[in-house]
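Down below is the structure, laid out as structure tokens.
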Amino acid sequence: MDTPQQKEDKISPQAKWWVDGQRIRYKGFWFKLEFITASEAIRAHYTPLPSDIILASFPKTGTTWLKALTSSILRHSSPLSSSSKDLDYLNPHEIVPFLEIEIFGENPSKDITEISCPSVFSTHLPLSFLPETVKTSGCRVIYITRHPADTFVSLWHLYNKFGTEISIRQAFDEFCKGLVPAGPYFEHVLEFWEARDRVMFVTYEDLKANPEETVRRIAEFLGCKIIVEKIVKECSFEKLKNTSKERGEGVHWSGTKYDMFFRKGVVGDWKNHLTQEMMKELEDLADLKWRGSGLDLNIFNRSASQ
Ligand code: PAP
């Protein structure tokens, strides 16, 4: 039986996020209630098949790009695979569903048995919220991450579009405290980092610095033979953004218009928004929270070939 502290750690209400409603702290992470309920359903009912592919990420770290790349890799390596639909017609989020909403949410919008093989899912849940079998079933998990400063800035812009009422300084403090959806960022990254013997770990910065090499690594991890340049071109920021514009407005379940997933797509935009002092705070936090794990902010400075 849980001690009062353990209970408190599991469900500790309540925090109001910048824009919408309440967040609940559950097992050390902040989520809306519906995500917590869904994570329990996932743990109870989801047994990954060895052929399943799970794309995991903290929000705003490159999820959309990784979804596009993975579906493009699968489509080009096996043109008959219907799990990899054409990016000319669909937003990457329409191709790869979130486990915690579209599959195991309160009103799932997809029937898991209808999804073709290999099934590709995504998740913003921490590793500890997923079933243990994710580590043992042979399914492939790819985790994408991004420098916390650019992650925060991307999140800040998104929430501004929804009408943020607090200053960037206040929002930054909340990010540092972990009070953001799926936060804290540092613990989220650390969980997947510590499982990297089973999880492929990719950074947004690797993809930007050396897309061909990183895509080649992803394809190899998935056991796919492809023409790398074709995939990189098909999933470039410009291409996806233009396709999204041409298609007109569509709205993701989160309320995000599809074209809002493509804002600037660069490394280092934090310099336009954060002070050196704020960056130092992030560096200190990384130091503190990742100490002893072998993980540090230098992973965002390396190119994929190193
Ligand atoms: P999500 O967690 O809400 O799905 P996610 O896709 O992880 O969002 O992150 C969005 C970021 O990825 C945006 O970054 P920015 O705000 O700094 O611009 C978005 O522009 C960027 N992005 C999306 N697609 C691409 C792409 N093909 N190449 C590079 N960056 C991309």
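Bear in mind these aren't lab numbers, they're just calculated from the coordinates by the rules spelled out. Keep in mind the model is a prediction, meaning the values are calculated, not measured. In this analysis, Cβ positions are derived from the backbone assuming ideal geometry, glycine residues included, and neighbour counts consider all displayed protein chains.
Can you pull out the chymotrypsin sites (Phe, Trp or Tyr not before Pro) in region 208-291 that DSSP calls coil and that have at most 13 other Cβ atoms within 10 Å?
Trp253
Build a GNM of the chain with springs between Cα atoms under 10 Å: which of Glu213, Glu165, Glu174 gets the top mean-square fluctuation?
In this elastic network of the chain, the residue with the biggest mean-square fluctuation among Glu213, Glu165, Glu174 is Glu165.
Once you've got the Cα coordinates, tell me which of Lys32/Lys264; Lys225/Lys257; Lys225/Lys280; Lys257/Lys280 are over 31 Å apart.
From Lys32/Lys264; Lys225/Lys257; Lys225/Lys280; Lys257/Lys280, over 31 Å: Lys225/Lys257; Lys225/Lys280; Lys257/Lys280.
Counting Lys and Arg as +1 and Asp and Glu as -1, each charge on the Cβ, what is the dipole of region 21-301 about the Cα centre in debye, to the nearest 20?
Numbers: 35 positive and 38 negative charges, 51 e Å.
With only Lys, Arg, Asp and Glu charged at Cβ, the dipole is about 240 debye.
Apply the Karplus curve 6.51 cos²θ - 1.76 cosθ + 1.60, θ = phi - 60°, to the phi angles in region 256-270 and return the couplings in whole Hz, x for Gly and Pro.
7, 5, 4, 6, 6, 7, 10, 9, 10, x, 10, 9, x, 5, 4
Count charges around Trp290 for me, please; just the other residues with Cβ under 14 Å from its Cβ, Lys/Arg as +1, Asp/Glu as -1.
-4
Taking the Cα centre of each part, how many Å lie between region 253-269 and region 172-250?
Between the Cα centre of region 253-269 and that of region 172-250, the gap is 13 Å.
Based on the alpha-carbon gyration tensor of region 207-306 and its eigenvalue square roots a ≥ b ≥ c, which shape applies: rounded if a/c is under 1.5, prolate if not and a/b is larger than b/c, or oblate? Write out the running numbers ahead of the final one.
Working: a/c = 2.25, a/b = 1.26, b/c = 1.79.
The shape class here is oblate.
Percent antiparallel among DSSP beta bridges with both residues in the chain, to the nearest 5?
35
Run the quick spin-label model on Ile168 and Asn298: label points 7 Å from Cα toward the beta carbon, then report their separation in nm to one decimal.
2.9
Using the Karplus curve 6.51 cos²θ - 1.76 cosθ + 1.60 with θ = phi - 60°, work out ³J(HN,Hα) for each residue of region 221-231 in order, rounded to whole Hz, and write x for Gly and Pro.
Once θ is set to phi - 60°, the couplings for region 221-231 become 4, 8, x, 10, 9, 8, 9, 3, 4, 4, 5 Hz.
Hey, rough spin-label estimate for Leu33 and Lys161, points 7 angstrom out along Cα→Cβ, what's it come to in nanometres?
The answer from the label model is 2.8 nm.
Where does each of Ile54, Ile231 land when they are ranked from fewest to most other beta-carbon atoms within 10 angstrom?
Arranged by neighbour count, lowest to highest, Ile54, Ile231 become Ile54, Ile231.
Non-local amide H neighbours of Phe201 (under 5 Å, H modeled in plane, Pro and chain starts lacking H): which ones?
Correct list: Tyr143.
Over all directions, what mean area does the Cα convex hull of the chain project, stated in square nanometres?
Numbers: hull surface 63.0 nm².
Averaging across all directions leaves 15.7 nm² for the Cα convex hull.
At most 13 other Cβ atoms within 10 Å and a DSSP loop assignment: could you name the trypsin sites (Lys or Arg not before Pro) in region 147-253 that fit?
When the trypsin sites (Lys or Arg not before Pro) of region 147-253 are filtered for loop state and at most 13 Cβ neighbours within 10 Å, Arg196, Lys225 remain.
Relative contact order for region 21-301 using alpha-carbon pairs under 8 Å, separation at least 6, rounded to a whole percent? It would help to have the intermediate numbers written out before the result.
Working: 393 pairs, mean separation 67.0, N = 281.
Relative CO of region 21-301 lands at 24 percent.
Quick one: if you stick a label point 7 Å off each Cα along the C-beta vector at Glu249 and Asp197, how many nm between them?
For Glu249 paired with Asp197, the spin-label model returns 5.1 nm.
Taking θ = phi - 60°, what integer Hz values does the Karplus form 6.51 cos²θ - 1.76 cosθ + 1.60 yield along region 34-43, in sequence order, with x for Gly and Pro?
Each residue of region 34-43 in turn: 4, 6, 5, 4, 5, 5, 5, 5, 5, 5 Hz.
How would you rank Asp287, Asp52, Asp206, Asp259, going from fewest to most other Cβ atoms within 10 Å of each one's own Cβ? The partial results should precede the final answer.
Values: Asp287 11, Asp52 21, Asp206 24, Asp259 18.
Result, fewest neighbours first: Asp287, Asp259, Asp52, Asp206.
Under the rule of at least 5 residues apart or a separate chain, name every residue whose amide H is placed under 5 Å from the amide H of Arg23.
Those qualifying (amide H under 5 Å, at least 5 residues apart or on another chain) are Ala15, Lys16, Trp17.
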